[in-house]
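Scroll down for the structure; my scribbles are underneath it.
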Amino acid sequence: MNSLLRLGGTLVVAAAAVCAHADTYPNKLIKIVVPFPAGGDLDPTARGLGEHFRAAWGQPYIVENKPGANAMIGTGQVAKAAGDGHTLLICSPGPMTINPGLYPKVPYTVGKDILPVSLVGTTPMVLVASHRLPVKNYAQFVNHLKANAGKVFYASGGTGNITHLVAELFLRQAGVSAIHAPYKGGQAAITDLIGGHVDFYFNPLPSALGYIHAQKDKVIPLAVTSLERSQFLPDVPTLNELGVKGFDVNSWYGLCAPGGTPKEVLTQLSAETAKALASGTLPERLRSLGTTPQASSPAQFAEQIRKEAASWQAIIKEKNISPD
């Protein structure tokens, strides 16, 4: 009987502790880590979320850029942080779905050390062709690839980068071939695409919009990779409608937290992120960057990451891709 009483008392104390944590969260500064250099698209996303959290909860926030090692430095730092919901990560496909299948050693395990909280925004990739290709549309592009096997080059932001893997996925599903020309970063790839030194590039839409409109004599957008046309390029067809059936690849930004973060806190963060994406300045800020606001539950986000990781890992294995 005494043992049962002691066990009951322990359970009550534990339950009270969980409830108390949920009731008092957050109770100090919130740090949002961006694992990329300052000045990119993720910074305004992080600040927009931080501003919303501050208005909702009355706690200050900071955005900290921790770039390096294909986002593994910043992601690894968050993985080691206390799981109390006060250190958060702006996550993206590279560190969450690609790196674990690309590198022999990654300083975190997704789902254990890094926990999905919510999607924040999604954006398709754009298949952009250089003016040096004698094509005006997708059909001519495919015919050119078939007639010039071993002579057409596609750019990427680096070996194993999403811009590389989506191109390999396209080549496989479209039944064509091209030669990979990896660059050290997306901007270098874009510069050579505009300059006519490479033939095509799968570029995330936010970074493609500017030069697609400003350099119409240098490049042509042939297709987007989402199942539905993008509101930002409504005249550009999808690969799915062009005959690459079921092709559906989007880049995305999300919010993640360290392992050990209580489920109640993850749920609270997810709900507040959904509110931030439903009204206020953040949705318009994302749309101005070419990103569609989109929230999700932790479970939905985790399942998306799991499926994408399996897809990219299959491509990496099939093509024997290894990091530079």
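So the check is Cβ under 6 Å with 6+ separation or different chains; which pairs have a first residue in segment 185-208 that's in contact (Cβ under 8 Å) with a residue 12 or more places away in the chain and a second one that's surrounded by fewer than 24 Cβ atoms within 10 Å (Cβ to Cβ) and among the acidic types (Asp, Glu)?
Short answer, once both residue conditions are applied: 198/192; 206/41.
In segment 224-239, what residues are surrounded by 19 or more Cβ atoms within 10 Å (Cβ to Cβ), of a type outside the set (Ser, Thr, Tyr), within 13 Å of residue 205 (Cβ to Cβ) and at pLDDT 95 or above?
Within segment 224-239, 224, 233, 236 meet the criteria.
Just one of (1) within 17 Å of the chain's Cα centre (by Cα); (2) surrounded by 13 or more Cβ atoms within 10 Å (Cβ to Cβ) trips up residue 316, so point out which.
The number of the failed condition is (1).
Where in segment 37-145 are there strands (runs of 3 or more DSSP E), lying wholly inside it, with at least 1 residues that are surrounded by fewer than 20 Cβ atoms within 10 Å (Cβ to Cβ) and among the basic types (Lys, Arg)?
Values: elements: 61-65, 87-91, 114-130.
Of the strands (runs of 3 or more DSSP E) lying wholly inside segment 37-145, none has at least 1 residues that are surrounded by fewer than 20 Cβ atoms within 10 Å (Cβ to Cβ) and among the basic types (Lys, Arg).
Step by step: first the residues of segment 240-266, then only those that are of a type in the set (Val, Ile, Thr) and in contact with a helix residue (DSSP H, G or I) (Cβ under 7 Å, 6 or more places away or on another chain), then the one that is surrounded by the fewest Cβ atoms within 10 Å (Cβ to Cβ). Which residue is that?
If we take residues in segment 240-266 being of a type in the set (Val, Ile, Thr) and in contact with a helix residue (DSSP H, G or I) (Cβ under 7 Å, 6 or more places away or on another chain), then 244 is surrounded by the fewest Cβ atoms within 10 Å (Cβ to Cβ).
Could you give every pair whose Cβ atoms fall below 7 Å, whose first residue belongs to segment 289-303 and is more than 21 Å from residue 85 (Cα to Cα), and whose second residue is surrounded by fewer than 20 Cβ atoms within 10 Å (Cβ to Cβ) and aliphatic (A, V, I, L, M), counting only separations of at least 6 or pairs across chains?
Sorted first by the residue in segment 289-303, then by its partner, the pairs are 290/209.
Just to check your reading of the model, which residue among 69, 38, 55, 46 is over 24 Å from residue 285 (Cα atoms) and assigned by TED's automatic domain parsing to the domain that holds residue 285?
69
Select from segment 272-322 the residues that are within 20 Å of residue 258 (Cα to Cα) and of a type outside the set (S, T, N, Q) and list them in ascending order. Walk me through it before giving the result.
Going residue by residue through segment 272-322, those that are within 20 Å of residue 258 (Cα to Cα) are 272-274, 295-306, 309.
Once the filter is applied, which keeps residues that are within 20 Å of residue 258 (Cα to Cα) and of a type outside the set (S, T, N, Q), segment 272-322 yields 272, 274, 295, 298, 299, 301, 302, 303, 305, 306, 309.
Does residue 116 qualify as being on the phi < 0 side of the Ramachandran plot and in contact with a Cys (Cβ under 9 Å, 6 or more places away or on another chain)?
For residue 116, the condition - on the phi < 0 side of the Ramachandran plot and in contact with a Cys (Cβ under 9 Å, 6 or more places away or on another chain) - is met.
Which of (1) within 22 Å of residue 156 (Cα to Cα); (2) not in a strand (DSSP E or B) is the odd one out, the single condition residue 260 does not satisfy?
In the conditions (1) within 22 Å of residue 156 (Cα to Cα); (2) not in a strand (DSSP E or B), residue 260 misses (1) alone.
In segment 214-264, what residues are under 19 Å from residue 290 (Cα atoms) and of a type in the set (Phe, Trp, Tyr)?
Listed by number, the residues that qualify are 232, 252, 253.
Okay, residues lined up against (1) within 19 Å of the chain's Cα centre (by Cα); (2) modelled with pLDDT of 95 or more; (3) not hydroxyl-bearing (Ser, Thr, Tyr):
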| site | (1), (2), (3) |
| --- | --- |
| 194 | no, yes, yes |
| 201 | yes, yes, no |
| 207 | yes, no, no |
| 211 | no, yes, no |
| 222 | no, yes, yes |
| 241 | no, yes, yes |
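Identify, from the list 164, 213, the residue that is assigned to a helix (DSSP H, G or I) and without any contact (Cβ under 8 Å) to a residue 12 or more places away in the chain.
213
Within segment 298-324, count every residue that is in contact with a helix residue (DSSP H, G or I) (Cβ under 6 Å, 6 or more places away or on another chain) and part of a loop (DSSP other than H, G, I, E, B).
Here is the first cut: in segment 298-324, the ones in contact with a helix residue (DSSP H, G or I) (Cβ under 6 Å, 6 or more places away or on another chain) are 298, 305, 308-309, 312-313, 315-316, 319, 323.
Narrowing the set further to residues that are part of a loop (DSSP other than H, G, I, E, B) leaves 319, 323.
Of the residues in segment 298-324, 2 are in contact with a helix residue (DSSP H, G or I) (Cβ under 6 Å, 6 or more places away or on another chain) and part of a loop (DSSP other than H, G, I, E, B).
Inspect all residues belonging to segment 227-242 and state whether any of them is over 27 Å from residue 132 (Cβ atoms) and touching a residue at least 40 places away in the same chain (Cβ under 8 Å).
yes
Please find, within segment 167-209, the residue that is surrounded by the most Cβ atoms within 10 Å (Cβ to Cβ) out of those that are among the aliphatic types (A, V, I, L, M) and not in a helix (DSSP H, G or I).
Going residue by residue through segment 167-209, those that are among the aliphatic types (A, V, I, L, M) are 167, 169, 171, 174, 176, 178-179, 181, 188-190, 193-194, 198, 205, 208-209.
Keeping just the survivors that are not in a helix (DSSP H, G or I) gives 176, 178-179, 181, 198.
Working: 176: 17, 178: 20, 179: 12, 181: 17, 198: 25.
The selected residue is 198.
The values are calculated or read from the model by the stated rules, or taken from the named source; none is laboratory data. These figures come from a predicted structure and were not determined experimentally. In this analysis, Cβ positions are derived from the backbone assuming ideal geometry, glycine residues included, and neighbour counts consider all displayed protein chains.
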